[in-house]
Amino acid sequence: MKSEVQGVRQSGRWPVEIRPPSGWPRLDLPSVWRRIDIVYILGLRDIKVRYKQSFAGITWAVIQPLITMFVFTAVFDGVVKVPTGGSPYPLFALAALVPWTYFVHSITKATTCLIVDQDLIRRVYFPRLILPISAVSGGIVDFLIAFSLLLIVMPIYGVGPSLAILLIPAFFLFSLMTALTLGLWLSAINVRYRDVNNAIPFFTQILMFASPVAYPSSVVPAQWQWAYALNPMATVIDGFRWALLDGQPAPGPSSLVSIAVVTVGLVGGLYFFRWQEDRFADVV
Amino acid sequence: MSSSRAMIEVEGLGKSYWVGGERLVDHMGMHALIESALSAPVRWLGQNFMRRAQTSRFPMTEGHMKWALRDISFEVCEGEVLGVVGHNGAGKSVLLKLLSQITRPSEGRARIYGRVGSMLEAGTGFHGELTGRENIRLAGAILGMSRAQIADRLDEIVAFSEVEEYIDTPIKRYSSGMIMRLGFSVAAHLDTDIMLIDEVLAVGDQRFKRRCIEKMRSVATSGKTVVFVGHDLQVLERISDRAILIRQGRMQMEGAPGDVVAEHVRWADGRQLDD
């Protein structure tokens, strides 16, 4: 026991220094990694709790994108006639709705995670980054279920997967990063200003119109594609459509803009979160 | 003398809070800002013409810095049990929160050489919709147990909590006593080098409370380094090797548990006479 204590101490993990916050915050991601099992256990908790005392249970993961698909098809195919580049509209919409549903769910959860779990923040220490990370990870199960639905619907329209489907995990990971980026900023601000709570449903709704969920991104003029790509979800959705459907264009060079936005936003968000973190227990 | 190695070093530790009113305009929110602007003339009148008004209807919103804890210095050596004595609001809980890293100090520093487990509040991390068993896994992980440790101790934890029969029932159906017993039981089975224990964690009816105290005693005598915040002075005197007295956020005394408790009691009696 004692040798273990010495050993770890030599590895530089101890002593734990407790001092007033000062200067540039340290990210200290290894400390998050050491407690990564909390991410798993909190994710599990959220999934269990969400579907307890629920009749439809986990099928809700399918119901939401499916119903939205029907509504979108009725409006944007039946009434407005949105061009889809040759793909059947229901599939065209569903390929976007599956990642979009995950994204909206994740940022909503991530934004409120510090408020929902304020009891934990006030009563026990663990790296607070765990909470938003867990919030965006919990939706993976729902995403996988909704994605299976997509794989079932595809053959119905005579669309078979191509090799490009192997890139889906990369596009999904990118949507997770995007959700985490927004979650880091918004959750930390939400601790002090609950306005964020009120703004989120409104914000996601507006963001949906700024994303190619109901329409193809090709309707945006070429000289404005770079500005459109400031919204990383545009690249995610284009990626999903390209990887799953025939004849959809691959994400263009403007996706570099998306990657830059997420990279800068994520690193900035991590530092912002760590900087604010010291005050969470006192302010929340 | 390797056993006298310091496990906790605290130097000039202090924590201040801002109380009464808001420090910055942007902390106030729009409501408070508008209200304060609208009430300003009334406050001005009140201040100048009606002495009473300012303290009742429109209190001044200027806050001030309040030290919840200041100039705290001590060491705890390996295997030692340090008792912390003080009245409600003296700053004992703030000290435990600082040492467990829940909140950061405003000044001073502390060094901790080992893994810290906190037995501060029962039921931390519990969720009403989950069963007793699921909650043990959840709270155990949050408090710092590995999955293997939780699996090892699950039966022990269940047995100690005396809720075996309901362990697969959602805890929202439990009585509050059952939830507290389960909460204590999880925290009591933490196994870290350093334990921070708040005696308020001893919960339930007289019998279970005695069992809690007994459990805390066995943790304290098992060779772990312990900081023990006590309210029952007899228990504290028995458990601790050394004690400190905190009064209004300041360290008043450090010494043998008996002397510290005696000083605390003397002061408390004196204060009652003053009243």
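Only the coordinates and a few stated rules stand behind these numbers; no lab work does. The structure displayed is predicted, hence computed values, not measured ones. Quick reminder, even Gly has a Cβ in these numbers, built from the backbone with ideal geometry, and neighbours come from all protein chains shown.
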**Asked** Counting Lys and Arg as +1 and Asp and Glu as -1, what is the net charge of the other residues whose Cβ lies under 15 Å from the Cβ of A:Gln248?
**Response** -1
**Message:** Helix A:232-244 against the longest principal axis of chain A: what's the angle in degrees, Cα atoms only, rounded to the nearest 10?
**Reply:** 50 degrees
**Fill in**
Quick note on A:Val136, B:Val229, ordering by fewest other C-beta atoms within 10 Å, gives B:Val229, A:Val136
**Complete:** Phi-derived 3J(HN,Hα) across segment A:127-142 with the Karplus relation (6.51, -1.76, 1.60, θ = phi - 60°), rounded Hz, x for Gly and Pro, is x, 5, 4, 4, 5, x, 4, 5, 4, 7, 7, x, x, 4, 4, 4
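So if we plug the beta-carbon distance of A:Ala250 and A:Asp282 into 1/(1 + (r/R0)^6) with R0 = 51 Å, what FRET efficiency do we get, rounded to 0.05?
0.55
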**Item:** Computed label-point distance, nm, for sites B:Arg5 and B:Ala37 using a 7 Å Cα→Cβ extension
**Value:** 6.2 nm
**Mean residue ellipticity (222 nm) of chain A, computed from DSSP H runs ≥ 4 via -39,500 (n - 2.57), nearest 500** = -21500 deg cm²/dmol
**Request:** Quote the convex hull volume per residue of the protein assembly as shown, based on C-alpha atoms, as a whole number of Å³.
**Result:** 211 Å³
**Item:** Hydrodynamic radius of segment B:117-245 per Kirkwood, over alpha carbon pairs, in Å
**Value:** 14.8 Å
**Complete:** In order over segment A:200-212: 3J(HN,Hα) from phi, Karplus 6.51/-1.76/1.60, θ = phi - 60°, whole Hz, x for each Gly or Pro, gives 4, x, 5, 4, 5, 5, 5, 4, 5, 6, 8, 10, x
**Asked** Can you list the aspartates and glutamates whose alpha carbon sits under 18 Å from that of A:Lys81, skipping same-chain ones fewer than 8 residues off?
**Response** none
**Message:** Just to confirm a number: summing +1 for Lys and Arg and -1 for Asp and Glu over residues other than A:Phe92 whose beta-carbon lies under 14 angstrom from that of A:Phe92, what do you get?
**Reply:** -1
**Message:** Just want the ordering: B:Leu98, A:Leu184, from fewest to most Cβ atoms lying within 10 Å of their own Cβ.
**Reply:** B:Leu98, A:Leu184
**Message:** Could you tell me the ratio Rg/Rh of chain A? Both radii from Cα atoms, Rh via Kirkwood.
**Reply:** 1.02
**Fill in**
If every Lys and Arg gets +1 and every Asp and Glu gets -1 at its Cβ, then about the Cα centre the protein assembly as shown yields a dipole, in debye to the nearest 20, of 540 debye
**Message:** Please compute, for peptide A:125-132, the average count of beta-carbon atoms on other protein chains lying within 10 Å of each residue's beta-carbon.
**Reply:** 2
**Prompt:** From the phi of every residue in segment A:16-28, what ³J(HN,Hα) in whole Hz does the Karplus formula 6.51 cos²θ - 1.76 cosθ + 1.60 yield, where θ is phi - 60° and glycine or proline is x?
**Reply:** 7, 9, 10, 9, x, x, 7, x, 5, x, 8, 6, 6
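Multiplying the sequence separation of A:Ile63 and A:Trp275 by 0.36 nm and subtracting their Cα-Cα distance, what value in nm do you get?
Working: separation 212, 0.36 × 212 = 76.32 nm, distance 3.96 nm.
Result for the pair: 72.4 nm of gain on full extension.
Taking all pairs of distinct Cα atoms, average 1/r, flip it, and tell me the Kirkwood hydrodynamic radius of segment A:80-203 in Å to one decimal place. Mind dumping the intermediate values first?
On the way: mean 1/r = 0.0616 Å⁻¹.
For segment A:80-203, inverting the mean 1/r across all distinct Cα pairs yields 16.2 Å.
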**Prompt:** How far is helix A:255-283 tilted, in degrees, relative to the longest principal axis of the Cα atoms in chain A, given as a value from 0 to 90 rounded to the nearest 10?
**Reply:** 40 degrees
**Fill in**
Per the charge dipole of chain A (beta-carbon charges, Lys/Arg positive, Asp/Glu negative, Cα centre), the residue among A:Leu66, A:Ile133, A:Ala243 reaching farthest to the positive end is A:Ile133
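Would you mind classifying segment B:119-162 by shape? Square roots of the alpha carbon gyration tensor eigenvalues, ordered a ≥ b ≥ c; an a/c under 1.5 is rounded, otherwise it is prolate if a/b is larger than b/c and oblate if not. Mind dumping the intermediate values first?
Values: a/c = 1.32, a/b = 1.14, b/c = 1.15.
Because its axes are fairly even, with a/c under 1.5, segment B:119-162 counts as rounded.
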**Message:** Can you tell me which aspartates and glutamates have their Cα less than 12 Å from the Cα of A:Lys52? Leave out same-chain residues fewer than eight positions away.
**Reply:** B:Glu129
**Fill in**
Residue separation between A:Asp195 and A:Lys52 times 0.36 nm, minus their alpha-carbon distance, gives in nm 48.5 nm
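Which of the pairs A:Lys109/B:Lys15; A:Lys109/B:Lys92; B:Lys66/B:Lys97 have their Cα atoms more than 28 Å apart in this structure? Mind dumping the intermediate values first?
Numbers: A:Lys109/B:Lys15 32 Å; A:Lys109/B:Lys92 35 Å; B:Lys66/B:Lys97 17 Å.
Beyond 28 Å: A:Lys109/B:Lys15; A:Lys109/B:Lys92.
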